[in-house]
Amino acid sequence: MSSQLAFLPASRGTLLLLRRRLQLVKRGKEVLQMRRDQLVKEVFAIMDELKKLAEAERKYLEAARRVTQLRMSRGEHDFESIASLVRPPEIDIVIVSRQGVPVPEARIVYEPDYSRVADPEYREALEKLWEAIKTMIIVANKEMEVEKLCEQLQYINRVVNSLERNLIPSLEDTLRHIEERVTEEEIEEFVRMKVVREG
């Protein structure tokens, strides 16, 4: 029995209070378990999308290899000249809510602008590289989402385990103890009343 609960008076009012508290704690545990199930489903749904990671990495490496080949064959000066014509992308990090969990997400504010790049080989290589990078950003966002949802799942598991192993057994034990004391006192009172009536 919890040290705080041990000093509760043995009365019908205490029993009612403890029954309500136990009912509330059990309901809270059920709600947390439903929330946990919901988060698990969400994580598994995202895990399917993360299967695209290997393909995204392959495309990124291919595109980066092509740009490197052009850079080496055309020379560093040519590459820097072309690169200076490209307006770089802008990416912001925002906090979004996924299943009520705050998750940082990379958002593309605007994409790179290749309109000033006249060389078709460079332009195609740079566009393919950007498409691969965009896919990597999407996958990275999904990985972060899984990480944050899993952190929330771990927290919920700790709370549910604490309720199941500590609080609920303690409340049930205290309730049983007080019920026994109330029953004993009622029997004693009944016996006293009977003795008084007969005496």
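FYI, it's all coordinate maths here, none of it is from the lab. Small disclaimer: the values here were computed from a predicted structure and weren't measured. Reconstructed Cβ throughout: ideal geometry from the backbone, glycine too, with neighbour counts over all protein chains shown.
The table below gives the values:
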read-out: Estimated [θ] at 222 nm from DSSP helical runs (n ≥ 4, -39500 (n - 2.57)) normalised by residues in the chain, nearest 500; value: -26000 deg cm²/dmol
read-out: Straight-distance crosslink candidates among lysines, where the alpha carbon sits under 27 Å from residue 41 and sequence neighbours closer than 8 are dropped; value: 26, 29, 51, 52, 134, 142, 148
read-out: Charge dipole (debye, nearest 20) of the stretch 85-199; +1 at Cβ of Lys and Arg, -1 at Cβ of Asp and Glu; value: 240
read-out: About the Cα centre, charge dipole magnitude for the chain (Lys/Arg +1, Asp/Glu -1 at Cβ), debye; value: 560
read-out: 0 to 90° range, to nearest 10: angle between helix 76-85 axis and the chain longest Cα axis; value: 60
read-out: Positive-end extreme of charge dipole, the stretch 13-183 - chosen from 75, 169, 144 (charges on Cβ); value: 169
read-out: Options (i) 47; (ii) 56; (iii) 71 - which one matches percent of Cα pairs over 21 Å apart as calculated here; value: (iii)
read-out: Gyration tensor verdict on the stretch 1-103 (Cα atoms; rounded if a/c is under 1.5, prolate if a/b is larger than b/c, oblate otherwise); value: prolate
